[in-house]
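The values are calculated or read from the model by the stated rules, or taken from the named source; none is laboratory data. Values in this document were obtained by computation on a predicted structure and should not be read as measured data. FYI the Cβ positions are ideal-geometry reconstructions off the backbone, even for glycines, and counts take in every protein chain you see.
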Amino acid sequence: MLEIKNLHARIADTGVEIIRGLNLTVKAGEVAAIMGPNGSGKSTLSYILAGREDYEVTEGDVLYNGESVLEMDPAERAAAGIFLAFQYPLEIPGVATMEFLKVALNAQRKARGEEPLKVPELLKRVKEAAGSLDIEMGMLKRPLNVGFSGGEKKRAEILQMKLLQPKLCVLDETDSGLDIDALKIVAEGVNALRSPDRAMVVITHYQRLLEYIVPDTVHVLYRGQVVRSGDKTLASELEANGYAAIVEEAA
Amino acid sequence: MPAVQETIEQVRRIDVDQYKYGFETVIEVDKAPKGLSEDTIRLISAKKDEPEWMLEWRLQAYRRWLTLEEPTWARVEYPKIDFQDIHYYAAPKNHAGPKSLDEVDPELLRVYEKLGIPLKEQEILAGVKKPGHETEADGVLSDLANDNVYKSGRVAVDAVFDSVSVVTTFKDELAKAGVIFCSISEAIREHPELVRKYLGSVVPITDNFYATLNSAVFTDGSFVFVPKGVRCPMELSTYFRINEKDTGQFERTLIIAEEGSYVSYLEGCTAPQRDENQLHAAVVELIALDDAEIKYSTVQNWYPGDAQGKGGIYNFVTKRGDCRGDRSKISWTQVETGSAITWKYPSCILRGDDSRGEFYSIAVSNGYQQVDSGTKMIHLGKNTSSRIISKGIAAGFSQNTYRGQVSAHRKATNARNFTNCDSLLIGNNCGAHTVPYMEAKNATAQFEHEATTSKISEDQKFYVMQRGIPEEEAVALIVNGFVKDVIQELPMEFAVEAQKLIGISLEGSVG
């Protein structure tokens, strides 16, 4: 589903290269964890997958279902089924969460040539999804992410993911800022979305999240490259020994 | 709501360019020759069958105007206007004061239909319904869209085409409630005692260059009188359309709310797309007596000129409300998206004790538009309060200025004002400016002022787009969120239209 081939990318403004020949393949149905020390390029990778303009791809390609996405803007990628759960979701003052959900859902439907969702149907879906994430309807009336606690923000991200039903989910440090109860709720939400036709890229610094979202593969990112890949035991190994051993190996 | 949506879709289809109301209608007109002189004024007055006192009033204004200089203090630039190169009167022919809709030129009715302003009463009844909260789903969403629910679900319309009012709907029904709603020309003929008492009592003929010009040459506009204790049973609305080339529109609106009455009034306007600039210099006077409340909303969408800044309407308008009575309230809400140049400061004179003035404004500028707008809150009475919420959005190469004045007279004990001016910039070639004047001659006055200027951040835009919302819609969504507090003040039908209008005005502002 996702194939990253010898990807090189730099910050457009400064020309500093962050991703230096990254290779990664994630199959449909697979949950791939990306781990790595701070500054290894994890968040940058998520932004590049979602199409953020601040980064410039200088070499290589990103294929999604066999086709390059590099020429597509963020909205087009989203409509094609790529979703990024942000580490720091942005506040949108004056736009009620419910309204935002409606606009986003209908924009994607429109891009796919579908009719806008009727209000009762929309509400039914939102209620179902919100209920499973322990989100109260009151929160949906508030402007998106404005004054939300860390946990509320992350739950709102997963709520959007559930409603939009993407094919490729990229979760950037979804565990950061969450207490254990919130983490469990979020992880359950993510696990409920696991399916044979959906791939997930779970970016995390700690192994903690992977106890709740158990990955099929684990990849260690260091200085813009995948330096080691393995199964879920690799995560436990990292937890026990730290990144130092692998990093030395790579260096 | 669906009716408005349809209207917008309809109008969208009509025009290919960004300005959706730029069509011109071929209609036979009766025009005064170009130029301004005492003869022009006599001609206008004669065309309108006016009494002698009205002509004298106009001539007095004209003589005064000859001594005045065009103001230059606003942050707007334009070539000098040749006041002799304008037609001061243009009226559709076959317009001999139609008694009913059947007598109105069908071509005119089609114009308003095309603009989405239904002038047939039965259509209004059928088309605009009070939004029902049928299901919880609808309830939640429409509550989110608007807190302000249309009171009666119907709107009475006065349609002004170039220099004349072509029709006013629902007059009979309003008359039953004692409300007078008609064109100002008709009011001068039918209710001279009211017009003589109040006309010029808020904006005197000596007020300023454009108001004085308007006093001399005003051609039509609306007149509203709500008697003591009456709550006007429906929204009143005037729709202004400039159609003729080289024609100025000088309308005059006078609204009087007697003791304990309430009225909500809406104003909309459009003009054809032309290469030449056209002048629009209106005067609006509001008078609220004891315990009365007037709510005045404007959606201004005059032709703004093309992408290179050619053409467009010069909108030089004087609007002022007088809270003459104790505990009276006047509230201005404006959504300004059109005009090449806007020079407009809807103001409140807080004369009565415990009176209250409000000003809610959204001013959107794009292309080469120039906006210099704001308000004045003049506190004269005791315990008077005022509130100013202004949201300026600048895109393209436009300049957007908020200019406001808040003053407290020495007798205005406990005067209170709260001002909040936020500006939002889209792109790097536009400008936003805030020019607040505050003057308190009384130590008990409390004035608060907040101002912010921000740019739509790339982070915000990326986040919204990542959810599948295309760039222009993403910007419109963020902007609509930014103006939410003001949109909430608009009557529901206008709120939806205003949101769409803001989106349309900002088309082409990104990328």
Residues that are in contact (Cβ under 8 Å) with a residue 12 or more places away in the chain, farther than 20 Å from A:ALA79 by Cβ and more than 12 Å from every other protein chain (Cβ to nearest Cβ), drawn from the stretch A:149-166: A:GLY150, A:GLY151, A:GLU152, A:LYS154, A:ARG155
Selection count where residues are hydroxyl-bearing (Ser, Thr, Tyr) and assigned to a loop (DSSP other than H, G, I, E, B), scope the stretch A:192-241: 2
Filter pass, B:ASN420 being touching a Ser or Thr at 6+ places or on another chain (Cβ under 9 Å), assigned to a loop (DSSP other than H, G, I, E, B), more than 13 Å from chain A (Cβ to nearest Cβ) and surrounded by fewer than 20 Cβ atoms within 10 Å (Cβ to Cβ): no
Selected residue (criterion: farthest from the chain's Cα centre (by Cα)) from residues of the stretch B:348-357 that are without any contact (Cβ under 8 Å) to a residue 40 or more places away in the chain and assigned to a strand (DSSP E or B): B:ARG356
Every pair of residues 6+ apart whose Cβ atoms lie under 6 Å, when the first sits in the stretch B:287-304 and is among the charged types (D, E, K, R) while the second is buried (at least 24 other Cβ atoms within 10 Å of the Cβ): B:GLU293/B:LYS329
Test: residue in the stretch A:21-44 that is surrounded by fewer than 16 Cβ atoms within 10 Å (Cβ to Cβ), under 23 Å from A:MET200 (Cβ atoms), more than 16 Å from the chain's Cα centre (by Cα) and at pLDDT below 95: yes
Residues satisfying the stated conditions in the stretch B:475-504, i.e. more than 10 Å from chain A (Cβ to nearest Cβ), without any contact (Cβ under 8 Å) to a residue 60 or more places away in the chain and over 18 Å from the mean Cα position of the chain (by Cα): B:VAL475, B:GLY503
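Quick grid of which residues meet (1) at pLDDT 95 or above; (2) assigned to a loop (DSSP other than H, G, I, E, B); (3) surrounded by 15 or more Cβ atoms within 10 Å (Cβ to Cβ); (4) small (Gly, Ala, Ser):
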site	(1), (2), (3), (4)
A:GLU76	yes, no, yes, no
A:PHE83	yes, no, yes, no
A:GLU114	no, yes, no, no
A:GLU128	no, no, no, no
A:ILE135	no, yes, yes, no
A:LEU159	yes, no, yes, no
Lone unmet requirement of (1) under 25 Å from B:TRP343 (Cα atoms); (2) assigned to a helix (DSSP H, G or I) for B:PRO436: (2)
Neighbours by Cβ (under 7 Å, 6+ apart or cross-chain): first from the stretch A:115-144, more than 9 Å from chain B (Cβ to nearest Cβ); second modelled with pLDDT of 90 or more and outside any helix (DSSP H, G or I): A:ARG142/A:ALA96
Answer from B:ALA498, B:ALA451 - the residue that is exposed (fewer than 15 other Cβ atoms within 10 Å of the Cβ) and either assigned to a helix (DSSP H, G or I) or modelled with pLDDT under 90 (or both): B:ALA451
Every residue from the stretch B:456-484 that is of a type in the set (Val, Ile, Thr), in a helix (DSSP H, G or I) and farther than 15 Å from A:PHE83 by Cα: B:VAL475, B:ILE478, B:VAL479
All positions within the stretch A:85-100 that are part of a loop (DSSP other than H, G, I, E, B) and either under 17 Å from the mean Cα position of the chain (by Cα) or more than 7 Å from every other protein chain (Cβ to nearest Cβ) (or both): A:PHE86, A:GLN87, A:TYR88, A:PRO89, A:LEU90, A:GLU91
So A:ARG228, is it in contact with a His (Cβ under 8 Å, 6 or more places away or on another chain), basic (Lys, Arg) and modelled with pLDDT of 90 or more: yes
